[in-house]
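Asker: Below is one structure. I have some questions about it.
Coordinate-derived values only; no laboratory data. Just so it is clear, the structure is predicted and the values come from calculations on it, not from any experiment. Methodologically, a virtual Cβ is constructed for each residue, glycine included, from the backbone with ideal geometry; neighbour enumeration extends over all protein chains shown.
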Amino acid sequence: MRETAPFDQPPAFGFRDGDTPVENRPMKARRAVIFDLDGVLTDTAELHYLSWQDVATDLRVPYDRAVNEGLRGLSREESLRIVLGDRWGEFDPARRADIMRVKNDRYLARVAAMTPADAFDGIPALLDALRNAGAALAVASSSRNARAVLERIGLAAAFDAVVDGNDAPRSKPDPQVFTAAAAQLAVPAPRCVVVEDAAAGVQAARAAGMRVVGVGPAERVGGADLVVPTPASLRADVLLALLPVV
Ligand code: G6P
Ligand code: MG
């Protein structure tokens, strides 16, 4: 069931203005930081890897971390296409759905063991600092499990909007998920900075007309405006300095 992201405090911007539908609210001159989830807020990229590896082992399909790198930011269906590779045609749609269900069950079993200690170091403090600086905060993820993960790591209440693979079915590199997050925040794209660990996500953020910070090696996220090695290296003032002064 779709949940509405709870708010830990009333947003400082006055954008929850009564019952006005989001799409009819004026774009206000505010700033937003839009976070990818998997691999940026927590290490679920590793849990996706382990779960695809379980499936690949069962199917006797070759699979390793190098293949997994290419799955970052892609939808479950697109990931399966890459995991099966040349053997895609051997599996009919019902069997493919079955494989995705098994992968997701394995993944959710791993997610169930997560706790707030699994948020990456520095992330809760970064979110606090951004909020204190007046930024609106969103999560934009291709995952259909994003809300469950945010609950487990204790960050469900830290964001003003959460847009996931259920809300935005066109997965990254399509910009849909970022554009939808900005619309929910009522912040125009040039006033949004995205934080991403995936090449597909950097591409999506650029296509949305947003600034983007890449987390990870330049070979993966070198197309970003700024690259930092780890989530712990993210700084609120550095992120906001990428945006025009309000
Ligand atoms: C994120 C991850 C991908 C994952 C996708 C779908 O974008 O980076 O690795 O394949 O979400 O996740 P889901 O939880 O819906 O299977
Ligand atoms: Mg990611």
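Asker: Starting from the Cα-Cα distance between Asp58 and Arg235, subtract it from 0.36 nm times their residue separation and give me the gain in nm to one decimal.
Answerer: Extending this stretch completely gives an extra 59.5 nm.
Asker: To continue, here is another question. To the nearest 20 debye, what is the magnitude of the charge dipole of the range 171-223 about its Cα centre, counting +1 on the Cβ of each Lys and Arg and -1 on the Cβ of each Asp and Glu?
Answerer: Working: 5 positive and 4 negative charges, 32 e Å.
In total the dipole reaches around 160 debye.
Asker: Shifting gears a bit: Run the numbers for Phe91 and Glu219: contour at 0.36 nm per residue of separation, minus the present Cα-Cα distance, in nm.
Answerer: Result for the pair: 42.8 nm of gain on full extension.
Asker: Quick one: angle between helix 44-59 and the longest Cα principal axis of the chain, in degrees between 0 and 90, rounded to 10, please.
Answerer: 20
Asker: How long is the gain from Val102 to Arg170 if the chain were fully straight, where each residue apart is worth 0.36 nm and the alpha carbon distance is subtracted?
Answerer: The Val102-Arg170 span can extend by a further 22.2 nm.
Asker: Still on this structure, please answer the following. Over the range 92-246, what is the relative contact order in percent, taking alpha-carbon pairs closer than 8 angstrom and at least six residues apart? Before the final figure, lay out the partial values.
Answerer: Values: 226 pairs, mean separation 27.4, N = 155.
Dividing the mean separation by the residue count of the range 92-246 yields 18 percent.
Asker: Could I ask something else about it? Efficiency by 1/(1 + (r/R0)^6): what FRET value for Asp121 and Arg144, r their Cβ-Cβ distance, R0 = 25 Å, to the nearest 0.05?
Answerer: Once rounded, the FRET efficiency stands at 0.40.
Asker: What is the ratio of the Cα radius of gyration of the range 139-221 to 2.2 N^0.38 Å, where N is its residue count, to two decimals? Intermediate values should be presented prior to the final figure.
Answerer: Values: Rg = 12.2 Å, N = 83, 2.2 N^0.38 = 11.8 Å.
In units of the 2.2 N^0.38 Å rule of thumb, it is 1.03.
Asker: Follow-up. Let me have the relative contact order for the range 24-182, percent, based on Cα pairs under 8 Å that are six or more residues apart.
Answerer: 30
Asker: What is the magnitude of the charge dipole of the chain about its Cα centre, with +1 placed on the Cβ of each Lys and Arg, -1 on the Cβ of each Asp and Glu, and no other charges, expressed in debye to the nearest 20?
Answerer: 400
Asker: Given the peptides 180-189, 224-233, arrange them by the average over their residues of other C-beta atoms within 10 Å, most packed first.
Answerer: Descending packing order for the listed peptides: 180-189, 224-233.
Asker: So how far, in whole Å, is the C-alpha centre of the range 192-242 from the one of the range 88-108?
Answerer: Each part's Cα centre sits 31 Å from the other's.
Asker: Which whole-number percent gives the relative contact order of the range 107-176, counting Cα pairs below 8 Å spaced six or more residues apart?
Answerer: 35
Asker: Still on this structure, please answer the following. Ala66 versus Ala109, label points 7 Å from Cα toward the beta carbon: distance in nm?
Answerer: 2.9
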